[in-house]
1. With +1 on each Lys and Arg Cβ and -1 on each Asp and Glu Cβ, how big is the dipole of chain A about its Cα centre, in debye rounded to the nearest 20?
2. If you take each beta carbon of peptide A:225-232 and count the beta carbons of other chains within 10 angstrom, what is the mean?
3. What is the dipole size for segment A:115-226, taken about its Cα centre, with +1 at each Lys and Arg Cβ and -1 at each Asp and Glu Cβ, in debye to the nearest 20?
4. Expressed as cubic angstrom per residue, what is the convex hull volume of the alpha carbon set of segment B:139-221?
5. What is the mean number of Cβ atoms from other protein chains located within 10 Å of the Cβ atom of each residue in peptide B:267-280, rounded to a whole number?
6. May I ask you to give the average projected area over all directions of the convex hull of the Cα atoms of chain A, in nm² rounded to one decimal?
7. Considering only chain B, what is the antiparallel percent among its DSSP beta bridges, to the nearest 5?
8. Any idea what the alpha-carbon Rg over 2.2 N^0.38 Å comes to for segment A:115-226?
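Every number in this text was worked out from the coordinates using simple rules, so none of it is lab data. Just so it is clear, the model here is predicted, and its values are computed rather than measured. Cβ sites come from the backbone with ideal geometry, for glycine too, and all protein chains shown count toward neighbours.
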Amino acid sequence: MQFKSQVISNVEVSPGYYRMRMTAPPAVLDARPGQFVMVRVNGAIDPLLRRPFGIYDLGAFATPYTDCGRQTFLEILYRVVGKGTAMLADLHQGDHLEILAPLGNGFDLGPAGEDKVLVGGGVGLAPLYFLARELVKTAKVRLFAGGRTKEDVLCITEFERLGVETYVATDDGTLGDQGLVTEVLTRYLADDSGSKQLFACGPMPMLQAVARIAAAQRIPCQVSLEAYMACGMGACLGCVVPGKHHSAETPDYRCVCKDGPVFGYHELQWEVR
Amino acid sequence: MATKPNMSVDIAGIKLRNPVMTASGTFGYGREFADYLDLERIGAMITKGLSLKPKAGNPTPRIVETPGGMLNAIGLQNVGIDAFIEEKLPFLRTVDTPVIVNLYGNSLEEYGELAERIDAIPEVAGIEVNISCPNVKQGGIVFGTDPAAAYEVVKLVRDSTIKPLIVKLSPNVTDIVAMARACVDAGAEALSLINTLTGMAIDLAKRRPILANVTGGLSGPAIKPVALRMVWQVSKAVDVPLIGIGGIMNATDALEFILAGATAVQVGTANFLNPSAAQEIAEGMELWLVENGVADVNELIGSLRA
């Protein structure tokens, strides 16, 4: 759906990373973890396009200022990378936004009882937080979070508050182990042979490494992709990724926005990237 | 109390309830936008450009934002004519709005064959021939920039179908009027202009082009002045109805094209940032007519005081 929204709060949670809470109609509460929103700063034609963000959290709080006495909200986590996100970072409480939400397909939560293993980095942690919030209701959840430095490892406390067991690695060793989080994941998987499923969201090299691990160990794995996109609804065809059997003769491009952003790792072609 | 103005226009025999169409490649196959606007409140829908066989399109990155616009190099990814008929047409059939098929061939023969295939589909109200996609290396660009080649391809399509025939012009030419005349001489009953302007964007840090295709087509508000100028020039030179395209974001933009000589307009890039744009623009145009005491949108066509 398309709606006008107002900023409730916009906080820098780590240098260059912001967490924004915005108003939303109650129907947003039906959104599933892994779905995303397209955000436009009101009226602007430069930047022209909306920006896609995974849903970090949503809910409702009591307020005297709405008819029903409750205000629905949704939250995104974003990093300032260009003009659009810089403009977002400058917004304050009460500023206007235009939102399309929820878009795309969410994660399949999988059977209760199996362990859930989340792997993410940077703003890739955003949809994983919403996912963890749902998963902890029925399953043991572990999070493997990585980044270049400790400042890229976001909201770890929030995950821990949900009861998620967290493992952290940074390239420079400023938080957790020094090295790649996928190396920590590999060591963990070597010691734990129980039934489990992987959920990953983060930079492409991290997703490629997770997909390789999942394939080698035959563990079910869903990945959530990030892509440049203009529309978010399958019209511009700007955000496509090659499906498993894609070739020039038998085209099988999938839209990250409409067919994803969550895919089973086996649905995609990883080698060609 | 003002009476409702007449908003309907006629393009090559296709009756539109209002002059606002959705541009090829920006509106999927219609269904994608059904949740965001009333498809029966817009003038017509133009499909994503169809080819005979499914087409993969270009590698990514395919799009990049630029000041007031965007570059795309999708490379005409499409499902092909057979899948269009099987998968896309059944939905379009349920919508009471003219569907115009945009078609593209890799060769002269393919244009003719496609036109024949589409001619046999009763639900298709008309054909828009794409002779001007800037992102595909085979064929298209030649037809779109050489009046003699354009004449040849339009003539072949004309001889292959009795459907209303629109030709979409490329702005990447020295003389848009010569192109327009060639297409009309070959039997085009309407012209849509402009397609995207060829451009490129560079990533300085990587010292590389941003688009995998290196160059792409520029669209959005950035190209509106160029599009207005071309519509105005062509309207002075040919007698067929024109469909103005280029950076239309709101009713004001759309009405400017009508004043410059367009009978209808196509909304393109605006659909990406506001999926209800086409309907809002049609309603905004009607409101402007009411407020300015204009009884019929047709009175405004080419009414520029110049």
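1. Numbers: 26 positive and 30 negative charges, 65 e Å.
My answer is approximately 320 debye.
2. Numbers: counts 0, 0, 4, 8, 3, 13, 12, 3.
The mean count of partner-chain Cβ atoms within 10 Å per residue comes to 5.
3. Details: 12 positive and 14 negative charges, 86 e Å.
The dipole of segment A:115-226 has a size of about 420 debye.
4. Working: hull volume 9.8 nm³, N = 83.
Hull volume over Cα atoms, normalised by residue count, gives 118 Å³.
5. Working: counts 0, 0, 5, 2, 5, 12, 13, 6, 7, 1, 0, 0, 0, 0.
For peptide B:267-280, the averaged partner shielding equals 4.
6. Numbers: hull surface 59.8 nm².
Result: 14.9 nm².
7. Numbers: 17 of 44 bridges.
Antiparallel bridges: around 40 percent, rounded to the nearest 5.
8. On the way: Rg = 12.5 Å, N = 112, 2.2 N^0.38 = 13.2 Å.
Rounded to two decimals, the normalised Rg is 0.95.
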